[in-house]
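What follows is a set of notes on a single structure, which appears directly below.
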Amino acid sequence: MGKQARAIVDLSLKDLVKDLNKAYCDEWLAYYLYWYMAQIVSGRAYEDISEFLMKIAKDELEHATELADLIVKLGDMPPANPMELEKNANNPYLMPPKNTADINRIIRIVTEAEAGAIEVYNKIAKKTLGKDNVTYQLITHILSEEVTHEEMFENLMER
Ligand SMILES: [Fe+2]
Ligand SMILES: [Fe+2]
């Protein structure tokens, strides 16, 4: 991002980049968690759940990619060391259930993670509204996908 592009950001760049880096860490944790649960899930309807988890995992990886791109454009860097991911995340890593056939628990874990993401992105959207239109646009795009994820899994729960 050029000088003028940065100059129009009417916020503390340091603060903004910190928020974006934390969200980036959340995305990697979500990606890993969903991807992992997609591999180990068993029991009734495991194929459907696995497919859903993989689909959402891919979205989370895409979110991490989009955030990394923005962080770099803003003149900063996402963490280089994966050990930093959980340390810097907004929310702690949610452990997958020991019982791999516990699909209800898997669904609850995903809805909890999505609720956390919605809260984080809603906060960043409020902070950037009218202050940094580029970030606002990306964040509301991600937010709308997190809302869809939550809904997909909430619907599974009601089944
Ligand atoms: Fe995400
Ligand atoms: Fe999500």
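Only the coordinates and a few stated rules stand behind these numbers; no lab work does. Since the structure is predicted, the reported quantities are computational estimates derived from the model, not experimental observations. Cβ coordinates were reconstructed from backbone atoms using ideal geometry, including for glycine residues, and neighbour counts include every protein chain displayed.
Brief remarks follow.
- Residue selection: Lys58 satisfies the criterion of being touching a helix residue (DSSP H, G or I) at 6+ places or on another chain (Cβ under 9 Å), of a type in the set (Lys, Arg), within 14 Å of Met152 (Cβ to Cβ) and assigned to a helix (DSSP H, G or I).
- Test: residue in the range 50-62 that is closer than 22 Å to Ala101 by Cα, of a type in the set (D, E, K, R) and within 14 Å of ligand 1 (Cβ to nearest atom): yes
- Selection count where residues are over 14 Å from Lys22 (Cα atoms), in a loop (DSSP other than H, G, I, E, B) and over 15 Å from the mean Cα position of the chain (by Cα), scope the range 78-104: 8
- Taking the range 112-140 as the range and being under 12 Å from the mean Cα position of the chain (by Cα) and either surrounded by 17 or more Cβ atoms within 10 Å (Cβ to Cβ) or touching a residue at least 24 places away in the same chain (Cβ under 8 Å) (or both) as the test, the residues that pass are Ala113, Glu114, Ala115, Gly116, Ala117, Ile118, Val120, Tyr121, Ile139.
- Taking the criterion of being over 13 Å from the mean Cα position of the chain (by Cα) and basic (Lys, Arg), the residues of the range 24-64 that qualify are Arg44, Lys55.
- When the range 4-49 is limited to residues that are hydroxyl-bearing (Ser, Thr, Tyr) and surrounded by 13 or more Cβ atoms within 10 Å (Cβ to Cβ), the one that is farthest from Ile103 (Cα to Cα) turns out to be Tyr24.
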